[in-house]
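For reference, the structure is listed below as structure tokens.
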Amino acid sequence: MPEKPKNDLLGIRYLSAEQIQALYQLADRFWEVLQQPTRKVAALTGSTVALLFFESSTRTKLSFELAAKRLGADVLNFSATGSSLDKGETLLDTALNILAMGVDAFVVRHRGVGSAHFLAKHLPVPVINAGDGTHEHPTQALLDTYTLYRHFGRLEGLTLTIIGDLFHSRVALSHLHIAPKVGLSLRLCAPPSLIPALWYQLGYPIYTEVVPAVAGADAVLVLRMQKERQSYPPIASWQEYSRFYQLKPEHLRPGQVLLHPGPINWGVELHPALQAWPHTRILDQVTHGVAIRMAVLYWLLRG
Ligand code: ASP
């Protein structure tokens with residue numbers, strides 16, 4: 001296939017600080033659009049976006065679909081269950097066949113690390129990584145930081161603590177890449193068995209206890225235990241995990257913002273009483289996700 005210059009969004013690691021700022025600015029514009037009664041623009045009319053989700057998703061898939069539709073694009077929804085994957089068709093053949101129907105961009109979620117990179121190499125249209133195994137989830141880190149930016153009016157100088165399954169979370173890895181580019185100070189907190197050994201060399205403060213990790217932070221991002229990716233139990237019992245690592249109301253001080261990428265397992269990583277935490281921005285993250293994904297689609301297809 002001939003090389004064609006094109007843009008992809010495969011990971012935060014490939015974005016410059018300037019590109020991230022430009023995406024926030026685009027998201028601000030699309031946020032305004034979403035406040036209008038029609039909530040729609042014709043920016044991508046005539047384009048078709050294919051959603052290829054080989055792993056479960058609620059927020060990311062629906063929000064990409066809505067983002068594309070709000071921009072006037074057509075959306076093709078591929079579902080792995082019931083497709084010809086059952087008959088042995090490969091990932092690339094599947095994508096090439098969908099491309100042949102006339103598709104302008106692919107949004108891909110797959111459990112294989114590097115799967116979006118692989119497709120991007122072989123497809124002549126933009127590919128967006130919507131989560132590749134334990135690797136990256138760039139739009140999640142963009143929408144999390146965009147939520148903080150909208151809440152505080154800035155990111156520079158803020159401290160964000162991330163608590164949870166750092167070892168298996170693609171959200172955590174994307175945050176490691178975005179934090180220095182937007183001026184966030186990051187703190188990391190997990191049981192020792194869920195801290196990748198190499199992360200000790202990155203220079204971020206690493207905690208194995210919640211209280212000091214959270215004290216004085218501007219925001220706390222709590223991660224789900226990625227049980228589907230854990231090959232061995234990382235902690236003696238889930239009861240013990242909740243006892244020592246669950247974020248509870250008494251850990252937070254007024255003004256500290258609570259974030260979670262979802263899905264939440266209430267009672268495991270988050271105490272159910274935090275449903276009433278006045279500074280939760282968890283549903284705002286979901287709302288902002290649409291504006292951020294509109295920005296990403298527009299940037300890749302028209303930018
Ligand atoms: N929804 C996020 C992801 O797909 C976080 C999670 O599943 O825990 O990585």
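Here, each number is a calculation from the coordinates, and none is a lab measurement. No experiment lies behind these values; they were computed from the predicted model shown. Here Cβ is always computed from backbone atoms with ideal geometry, including for glycine, and neighbour counts include all displayed protein chains.
How many angstrom lie between the C-alpha centres of the range 94-110 and the range 163-234?
About 33 Å separates the Cα centre of the range 94-110 from the one of the range 163-234.
Excluding the sites themselves, what is the longest stretch of the chain that contains no GluC sites (Glu not before Pro) in a DSSP loop with at most 11 other C-beta atoms within 10 Å?
4-155
Using a basic spin-label model with each label point 7 Å from the Cα along Cα→Cβ, how many nm lie between Asp28 and Val211?
Result for the modelled spin labels: 4.1 nm.
Considering the range 100-223, what Rg and Dmax in Å follow from its alpha-carbon atoms?
My reading of the Cα-based Rg and Dmax gives 16.2, 54 Å.
Over the chain, calculate the relative contact order: mean separation of alpha carbon pairs under 8 Å at least 6 apart, over the residue count, as a percent. Show your work: numbers first, answer last.
Numbers: 535 pairs, mean separation 64.9, N = 303.
Once normalised by length, the contact order is 21 percent.
Run the numbers on the range 5-87 and let me know its relative contact order in percent, using alpha-carbon pairs under 8 Å that are six or more apart. Write down the numbers at each step before the final one.
Values: 65 pairs, mean separation 23.7, N = 83.
Once divided by the residue count of the range 5-87, the mean separation gives 29 percent.
Taking only the alpha-carbon atoms of the chain, what semi-axes of the equivalent ellipsoid follow from 5 times the gyration tensor eigenvalues under a square root, in whole Å, largest first? Don't skip to the answer; put the middle values down first.
Numbers: eigenvalues 209, 103, 60 Å².
After scaling each eigenvalue by five and taking roots: 32, 23, 17 Å.
Can you spot the lysines whose alpha carbon is less than 20 Å from Lys69's alpha carbon? Ignore those fewer than 8 places along the same chain.
Partners within reach: Lys40, Lys61.
Could you line up His168, His271 from fewest to most neighbouring Cβ atoms inside 10 Å? List each step's numbers first, then the result.
On the way: His168 22, His271 17.
By the 10 Å Cβ count, ascending: His271, His168.
Rank these for me by crowding, Val211, Val33, Val125, going from fewest to most other beta carbons within 10 Å. Show your work: numbers first, answer last.
Working: Val211 10, Val33 16, Val125 22.
Arranged by neighbour count, lowest to highest, Val211, Val33, Val125 become Val211, Val33, Val125.
Could I get the Rg over Rh figure for the range 209-251? Both from C-alpha atoms, Rh via Kirkwood, rounded to two places.
Values: Rg = 12.1 Å, Rh = 11.9 Å.
In the range 209-251, Rg relative to Rh is 1.01.
May I ask you to list the aspartates and glutamates whose Cα is less than 19 Å away from that of Lys6, ignoring any residue fewer than eight positions away on the same chain?
Reachable aspartates and glutamates: Glu18, Asp104.
Say the dipole of the chain comes from +1 at the beta carbon of Lys and Arg and -1 at that of Asp and Glu; which of Leu166, Gln285, Trp266 then lies farthest toward its positive end?
Of the listed residues, the answer is Gln285.
If you restrict to DSSP beta bridges whose two residues both lie in the range 160-303, what percentage is antiparallel, to the nearest 5?
Working: 0 of 16 bridges.
Around 0 percent antiparallel, to the nearest 5.
Calculate for the chain the 222 nm mean residue ellipticity that helices alone would give, adding -39,500 (n - 2.57) per DSSP H run of length 4 or more and normalising by residue count, nearest 500 deg cm²/dmol.
Working: 9 runs with 110 residues, N = 303.
Mean residue ellipticity, 222 nm, calculated: -11500 deg cm²/dmol.
Would you work out the Kirkwood radius for the range 182-303? I mean one over the mean of 1/r across all pairs of different Cα atoms, in Å.
It is 16.2 Å.
To the nearest 20 debye, what charge dipole does the chain have about its Cα centre, counting +1 at the Cβ of each Lys and Arg and -1 at the Cβ of each Asp and Glu? Intermediate values should be presented prior to the final figure.
Values: 28 positive and 24 negative charges, 75 e Å.
Charge dipole, the chain, about its Cα centre: 360 debye, nearest 20.
Which of the aspartates and glutamates could a cross-linker span from Lys227 if the Cα-Cα distance has to be under 19 Å and same-chain partners fewer than 8 positions apart are dropped?
The qualifying aspartates and glutamates are Glu55, Asp132, Glu136, Asp165, Glu240, Glu269.
Kirkwood Rh, Cα Rg: Rg to Rh for the range 71-124? Walk me through the intermediate numbers first.
On the way: Rg = 11.5 Å, Rh = 12.2 Å.
Here Rg/Rh amounts to 0.95.
Which whole-number percent gives the relative contact order of the range 71-138, counting Cα pairs below 8 Å spaced six or more residues apart?
Working: 65 pairs, mean separation 17.4, N = 68.
That works out to 26 percent.
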